[in-house]
Each structure stands twice: as structure tokens, then as C-alpha cells.
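Take a look at the structure set out below.
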Amino acid sequence: MQSTVWWQYGILYEVYPRSFQDSNGDGIGDLQGILQRLDYLAGLGIKAVWIAPFYPSPMADFGYDIADYCNIDRIFGTLADFDQLLQAIHKRGLKLILDFVPNHTSDQHPWFLESRSSPDNPKRDWYLWRDPSGGGGPPNNWLSNFGGSAWTKDGDQYYYHGFLKQQPDVNWRNADLREAMFNVLRFWLDRGVDGFRVDVMWMLIKDDQFRDNPINPASNPNGPASQRLLALYNTNRPEVHEIVAAMRAILDSYGDRLLIGEIYLPFDQLAAYYGQDLKGAQLPFNFHLIACAWSADAIAQVIKEYEAALPVGAWPNWVMGNHDQPRIATRIGRAQARVAAMLLLTLRGTPTMYYGDEIGMTDVPIPAGEVQDPAEKNEPGLGMGRDPERTPMQWDSSKLAGFTDGTPWLRLSADHAMVNVATLSGETDSMLSLYRTLIGLRNSNAALNSGDVEVVTSNGHVLRYERADEAQRFAILLNLSESKEEAPIAAGYILASTHMDRSGDAVETTLSLRPFEGVIVKRAE
């Protein structure tokens, strides 16, 4: 397994810090809480912990509006807490990935306070300021991802913000701003972190002519306003790759470090973020399993198109859930979520898990009066809110699920007394037991971990592919339907089933798959 580097053979696990574990009773998760749960993570078999932002912030967008890149918000702890957590993570043989948010700051960041103080301030050009259009309105038609214009007037000029007005975008064309951001990377690398997930990597550079975006002919007139234009000139500009390469060079200067990019783009454009000579992001996040139809044909097509688009030597990755997307078990149901677990953990490439998916957590409906997420507050009723997938981790069957002694910042799921780590750990056929089994198989079988992916096919409702190296070959068959399916199979034996039985059963020419069942078959030598 050590023939590949840690970020290739290991599993990434995202922790949303507000919701993982509260250690001080204020109802909000924190760094000491994560520390308390490290043994659980290590026992799960993951390799790296990716923690969403915990930096000082006014929390207009819950930490993605950063007021100080080189400190810890007091609700999460202190730098001493961070250092203790990092040391404990490394002691357990794990790695730590931080969230880096270089596209925008908080409007309370000292850089922006200086920038807005005067048109003559040296930091004015650290942000995107423009004169009004001829009619006195915004400089162009660019839209915020959270609704409305992406321009806010401040004095005689407008500043650009791709998200909330409290999140002004920085100007990556300014050399001083660029170096200041690179120094943020160096600050955390000097403390010993193992890599970064770069927020909205594909948005960092904007068109230098600030041209209007074209109309999106495929947009839904009743859908989010942000989708009514094609983001041609304010995202995915060609100059972004120079920035990514520079970030990668900094990480490489520290040794074995990982650069991940958050990128929602088609495969041909996503592949470019690996960079020239693979000197860009090692893992440009692949979110296509989140968006594609849940059918054997659609998933087979995604696998084949992705593998074909990868540059020579590039390492693939797969993401099934994160803090911005409805949970797997909500999107496709808990029965299918077991099949999704087998898919995620047997495909070629690095898998990323989202906290709570391993116990089958579902989205929690949040009443209008309890909504926290500005994406929902700005465009209510359009389903933009991300609170439902960010609710507290369910650790046990106690009243507050073992998450806090106070009032949780978001309500708990109504099913937490049954769907929790403690309860499911004692059930041999639970979702958690399935994840542990699959992770164990992946970590102990090189062909499942770093072998080739071959013979990707769909036959009716059954998705099939094989994983192989020079020593072993496994066939993975996933029944994505609620009906029984018969599938041809070469001789071998069942290594695992999503139903948590049949292990060791011999197969010869045909395998009967029960509804929503996936199996891993060890092919005969």
C-alpha cells in the first residue's frame, strides 16, 4: 500500500467544526471537541481530517468570511488548541488538511478596512473596485452566488463580491495581495499542517476587462437568480492556473503536502486544474457523482468520461457529499446510500467522506425561524439553504446526541436516538459497520486501493466494474434498483455485501443480487 503516497491510498474525511463536537457547552463544536473524537476517526480507518474554516470571522457565512487568516476564532478555541489538535492528529498517524479561502475576505478584515478607507490607499487595489456604469448602476451584470448583484456601492465606487456583500473578492492580479495570501499558506505550513482544500479555486481570477456575462439559455426562470447568466467572465479564467501552480510550488517546498481544489466544472475543464506537468492541484475535487442521475447507465458514463479526461499520470478522486450539498441518504435514500458507500470506497482514486454519512445521517428540516444559512435567507424557498446537511453529529442516544451539554446551534435530527455512533457500533449489519468493513477492505487490498479500474459497464439496473493489479482482481456489482437482478459473473467468492452477509459465499457463473445490494467478488486465481 505504501507504493502510493498518503493522499492517494488514504481516505479524506471532512469535519464541519461547528457540528462535530462541542466541548464547552455553548452548543457550537470546537477544536477541543474534535480532539475528543480523534480516536473514533482513527478507528474508522481514514487517513486525513479536513476541517472547514475555524478562523476569526463575523460569521456572516459561518467562517467563509475571514477577518484574520492566521488565528482561531474564539468560538472554536485558540492557536494553542490548534497546535494540540495537530500534534494529536499526527500522533495517531493521521494528516490534517485546512480550508483555505483565498477568493474573498470578510468586510471586517483589516485589508478591506484599509482598502475602503480611501481610493488612494495602497491596499485599494487588493480588492475589485470599479466606477459605476454610465447610468450610475453596477459596473456590469455579474451576479452573486447568493442572489442579486455581485456589486455593492461604497462611496463613489462599487466593490465586487461573488457571494455576500460582507465577502468582498480580492484582486489576485495584485502582486502584493498575492504574496500576502501565499504568506498565509506559509504560516500554517510552518505550524505543520499537511495540506489545504482551496475554496472556489476556479473563481480566483476575474476578467481584466470586466465584460458582461452572457445569458444562460438553460436557466430556470423560477430558479436561483445566480444561474440566469453563464459565469464566463468571473470564473474559470485561464490566468487562474498560474496561481494554482504557485500555490503548489509553495506546498512542494515543504515536502509531502497536498493541494485540493474545490471546482464545479465539466471534466474537460476540471482536468486542467491538475496543471502543466501535473504541477497544479493534486486533487481537483470531482463532484460529478453528486450531480449525476442515480442510475447504472449514468454512473458508468461518469466513471468512463472522468477516467478518459484525466491527464496521463493524474490521480482521480471522488466526492459523494460535503457541507454544501444535501446528504447522500437524503438524495437517494438510506438503502441506496449503502450502495453509494460501496461505490465511493471501491472506485479508483481518493475518496472523500463527509462527517455523519457513515452512520446514514439525513438532512434535517429547519423551520424558517431557525434558518441560519444566508444562502437560504437571501433567496428563501428556492432550496439554497445548507443548514439541513450541517446539523450536529449524532454520537449516542442521549437527549442531545452526545454533541453538547448546551443548546445546539442547529436542531438535531428526530432519529438521532437510533441513528448514532454508539447504537450502530453495536449492530453488525448497520451502515457504520458497512463503512468500517469497506474501509478495512480498501486499506488492506492493494487492488481495491490503487489498482486499475476496468470493464466499467451497465446492464439494466446493475453497475459493474473491476479493480485489478498484478496479484488480484475484484469485481464490483451494484444493483441500483428495488428489484432482484441476475448478473453474470466469473468464478470466485463474495468478499463483502452491502447487506452485511454472504461473505465467503462461492459464485460460479451467475450472481443473484437482492434489491439495492452491492457485492465485491474476489475473482478466482
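Check the stretch 171-187 and report whether any residue there is farther than 27 Å from ASP125 by Cα and either in contact with a His (Cβ under 7 Å, 6 or more places away or on another chain) or among the acidic types (Asp, Glu) (or both). No, that holds for no residue. Taking the listed residues ALA422, ALA414, ALA446, the one that is of a type in the set (A, V, I, L, M) and not assigned by TED's automatic domain parsing to the domain that holds ARG338 is ALA446, with no other qualifying. Considering the stretch 145-237, the qualifying strands (runs of 3 or more DSSP E), each wholly inside and each with 2 or more residues that are over 20 Å from TRP111 (Cβ atoms), run over 195-198. Residues that are surrounded by fewer than 15 Cβ atoms within 10 Å (Cβ to Cβ), more than 19 Å from GLN36 (Cβ to Cβ) and in contact (Cβ under 8 Å) with a residue 24 or more places away in the chain do occur in the stretch 64-77, at least one of them. For SER106, the requirement of being among the hydroxyl-bearing types (Ser, Thr, Tyr), assigned to a loop (DSSP other than H, G, I, E, B) and closer than 26 Å to ASP324 by Cβ is met.
Being of a type in the set (Ser, Thr, Tyr), more than 27 Å from ILE250 (Cα to Cα) and out of contact with any strand residue (DSSP E or B) (no Cβ under 9 Å at 6 or more places or on another chain) holds for only one residue in SER117, SER149, and it is SER117. Only one of the listed residues (ALA308, ALA291, ALA300) is under 18 Å from PRO266 (Cα atoms), assigned by TED's automatic domain parsing to the domain that holds PHE62 and at pLDDT below 95. That residue is ALA291.
Which of the following residues is outside the structural domain of PRO139 (by TED's automatic domain parsing), touching a Pro at 6+ places or on another chain (Cβ under 8 Å) and of a type outside the set (Phe, Trp, Tyr): VAL184, VAL200? None of the other options fit; the residue is VAL184. Within the stretch 263-280, residues that are closer than 14 Å to MET247 by Cα sit with their Cβ atoms under 9 Å from residues that are among the aliphatic types (A, V, I, L, M) and exposed (fewer than 15 other Cβ atoms within 10 Å of the Cβ), at 6+ positions apart or across chains, in these pairs: LEU278/VAL312; LYS279/ALA249. Where helices (runs of 4 or more DSSP H) fall entirely within the stretch 406-469, those with at least 1 residues that are touching a residue at least 24 places away in the same chain (Cβ under 8 Å), over 21 Å from GLN21 (Cβ atoms) and hydrophobic (A, V, I, L, M, F, W, C) are at 431-444, 446-450. Between a first residue in the stretch 9-20 that is more than 23 Å from ASN317 (Cα to Cα) and outside the structural domain of MET393 (by TED's automatic domain parsing) and a second residue that is of a type in the set (Asp, Glu) and assigned to a loop (DSSP other than H, G, I, E, B), which pairs have beta carbons less than 6 Å apart while being 6 or more apart in sequence or on different chains? Short answer, once both residue conditions are applied: none. What do you reckon, is ALA175 out of contact with any Cys (no Cβ under 9 Å at 6 or more places or on another chain), of a type in the set (A, V, I, L, M, F, W, C) and closer than 26 Å to ARG211 by Cα? Yes.
The values are calculated or read from the model by the stated rules, or taken from the named source; none is laboratory data. Bear in mind the structure is a predicted one, so any value in this text is a computation, not a measurement. Neighbour counts run over all protein chains shown; Cβ positions are idealised from the backbone, glycine included.
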